[in-house]
Structure formats: C-alpha cells, structure tokens
Amino acid sequence: MKNLILAGTESVPDINMDADTGIISIKGKSYPENTFKFYQPFMSWINNYFAGNAQEKTQINIEIIYFNSSSSKLLFAFFKILNQAKDNHKIEVNWLYDKDNESALEAGEDFIADFKELKINLLEKA
C-alpha cells in the first residue's frame, strides 16, 4: 500500500499517512473550499488501510489549530471509521493542542465524549 502525503496550505492541513509504520499525522488548519473533495483521498486511504493493510498498531497524531464545521463533520466520520476498526486493530489517537487554543482542547474533549471506547489522548504541546 502506498503512503499518502498531502502538502498543507493556509486552508488545509499537512497529512502524512504512512502504511509502513502505521503512523498518521494531520497538522495545520482545515477550512478547504470543498472539504469532502479535499479529504476524499484521505478517507479512501484509511478505509483501504483498515481493510487489510493495517499495521499491528496505528498511531494517529492530530494537531488541528482551527477547523470549520464541514471539517468537523469529516473528522467525526474519520473517528467513526477508527471506532469501527478498534475491535480488530490497536489504535491510539493523540490530540495535540496549544494551551492558548481553548477551542482545540474543547474539540478534543468532544471527540473523547463521542467515542468513549477509542483511546484518545489529549496532549498539551510543550
């Protein structure tokens, strides 16, 4: 399975999905003009990954500084995929936030509340 790397811009995050290591990284802002079009390769990759290409452990590092409502819906759909895969795969999500970014912290807390059985760590950036 090929890795997926999408370069970030002012309105979309850097995305690095490494099938060989099982490490997925999402970092930056997310308010693309067409959220579902931008994230389509990302969602396709994650579905294919868990359909038979997943590593023993998958670590997801998410550091989203800001995201709009359509990105929030997409992240929720992503977390649903992770939640479904957790029974057959070891998955750990690290939600990184800056101590001055209260909305990022609250978003992480919301995902923890919505997906109680998924291992989500809230990590304040040093």
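Before moving on, here are some points about what is shown:
- Where K116 falls short, out of the listed (1) outside any helix (DSSP H, G or I); (2) touching a residue at least 24 places away in the same chain (Cβ under 8 Å); (3) among the basic types (K, R): (2)
- In the stretch 93-110, the residues that are modelled with pLDDT of 95 or more reach residues that are in a loop (DSSP other than H, G, I, E, B) and surrounded by 14 or more Cβ atoms within 10 Å (Cβ to Cβ) with C-beta atoms within less than 9 angstrom, at least six apart or across chains, in these pairs: V93/F115; V93/L118.
- Scan the stretch 22-41 for residues that are in contact with a helix residue (DSSP H, G or I) (Cβ under 8 Å, 6 or more places away or on another chain) and not hydroxyl-bearing (S, T, Y) and the total you get is 3.
- Among the candidates A77, A104, A51, residue that is within 24 Å of E124 (Cβ to Cβ), hydrophobic (A, V, I, L, M, F, W, C), in a helix (DSSP H, G or I) and out of contact with any Cys (no Cβ under 6 Å at 6 or more places or on another chain): A104
- Of everything in the stretch 88-100 that is within 13 Å of E124 (Cα to Cα) and surrounded by fewer than 16 Cβ atoms within 10 Å (Cβ to Cβ), the residue that is nearest to the chain's Cα centre (by Cα) is D98.
- Scanning the stretch 61-73 for residues that are surrounded by fewer than 21 Cβ atoms within 10 Å (Cβ to Cβ) and over 21 Å from E33 (Cβ atoms), we see that the one that is nearest to the chain's Cα centre (by Cα) is N61.
- Taken together, D110, D87 contain a single residue that is outside any helix (DSSP H, G or I) and out of contact with any Gly (no Cβ under 9 Å at 6 or more places or on another chain), which is D87.
- Residue in the stretch 37-45 that is basic (K, R), under 14 Å from the mean Cα position of the chain (by Cα) and loosely packed, with under 15 Cβ neighbours inside 10 Å present: no
- For the stretch 7-44, filtered to residues that are in a strand (DSSP E or B) and among the acidic types (D, E), the residue that is farthest from A85 (Cα to Cα) is D14.
To keep it simple, each residue is scored yes or no on (1) out of contact with any strand residue (DSSP E or B) (no Cβ under 9 Å at 6 or more places or on another chain); (2) at pLDDT 95 or above; (3) within 25 Å of E106 (Cβ to Cβ).
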| residue | (1), (2), (3) |
| --- | --- |
| T21 | no, yes, no |
| I24 | no, yes, yes |
| F38 | no, yes, yes |
| M43 | yes, yes, yes |
| N53 | yes, no, no |
| K57 | no, yes, no |
| I62 | no, yes, yes |
| L75 | no, yes, yes |
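The values are calculated or read from the model by the stated rules, or taken from the named source; none is laboratory data. Keep in mind that what you see is a predicted model, and the values were worked out from it rather than measured. Using ideal geometry, Cβ is built from the backbone for each residue, glycine included, and neighbour counts are taken over all protein chains shown.
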